[in-house]
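Quick notes on the structure that follows.
The values are calculated or read from the model by the stated rules, or taken from the named source; none is laboratory data. The shown structure was predicted, so the numbers you read here are calculated from the model rather than taken from an experiment. Because the Cβ atoms are built from the backbone with ideal geometry, glycine has one as well, and the counts that use them run over all protein chains shown.
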Amino acid sequence: MKRILTVIAVLGLAGSGLSLSAQQATSAQSQSGATQQQQVDTQGQESAQSFEGKIAKSGDKLVLQEASTQTAYQLDDQAKAKQFEGKDVKVTATMDSTTKTLHVVNITPSASR
């Protein structure tokens, strides 16, 4: 009888230990997920920047040919850009640096030209 109670007690303690380690693993995964979400949120909330240059055709797309660096940036809002084709403009946008795409917030005629 003592032996059976000892076995039951050992199994109970072992079960509690497994349960505790599972809770810790879940908690660690939860914290890791929260950190990844914060990184995504931080990256997704980039502030808009100003780019100046000329709206020009590149193949079948309109791009901003930036004046200072002579870099061509893809424009995600082709409809907004169309009315400024061939003109000097100031584009307010967030930039996806991996694709050199400007996510257009606003396009206005350039005041400096």
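When you look at Lys61, is it at pLDDT 95 or above and surrounded by 13 or more Cβ atoms within 10 Å (Cβ to Cβ), yes or no? So Lys61 fails the test.
Going through (1) in contact (Cβ under 8 Å) with a residue 12 or more places away in the chain; (2) surrounded by 12 or more Cβ atoms within 10 Å (Cβ to Cβ) one by one, Ser47 falls short only on (2).
Which of the residues that make up the range 69-113 are in a strand (DSSP E or B), under 18 Å from the mean Cα position of the chain (by Cα) and among the acidic types (Asp, Glu)? If the condition is that a residue be in a strand (DSSP E or B), under 18 Å from the mean Cα position of the chain (by Cα) and among the acidic types (Asp, Glu), then Asp96 is the only one that fits.
Among residues of the range 70-91 that are touching a residue at least 40 places away in the same chain (Cβ under 8 Å), those with a Cβ under 7 angstrom from a residue that is of a type in the set (Asp, Glu) and surrounded by 15 or more Cβ atoms within 10 Å (Cβ to Cβ), sequence gap 6+ or separate chain, pair up as Lys90/Glu52. Can you say whether Lys54 is surrounded by 10 or more Cβ atoms within 10 Å (Cβ to Cβ), part of a helix (DSSP H, G or I) and either modelled with pLDDT of 95 or more or of a type in the set (Ser, Thr, Tyr) (or both), as far as the supplied structure shows? Spelling it out, it is not the case that Lys54 is surrounded by 10 or more Cβ atoms within 10 Å (Cβ to Cβ), part of a helix (DSSP H, G or I) and either modelled with pLDDT of 95 or more or of a type in the set (Ser, Thr, Tyr) (or both).
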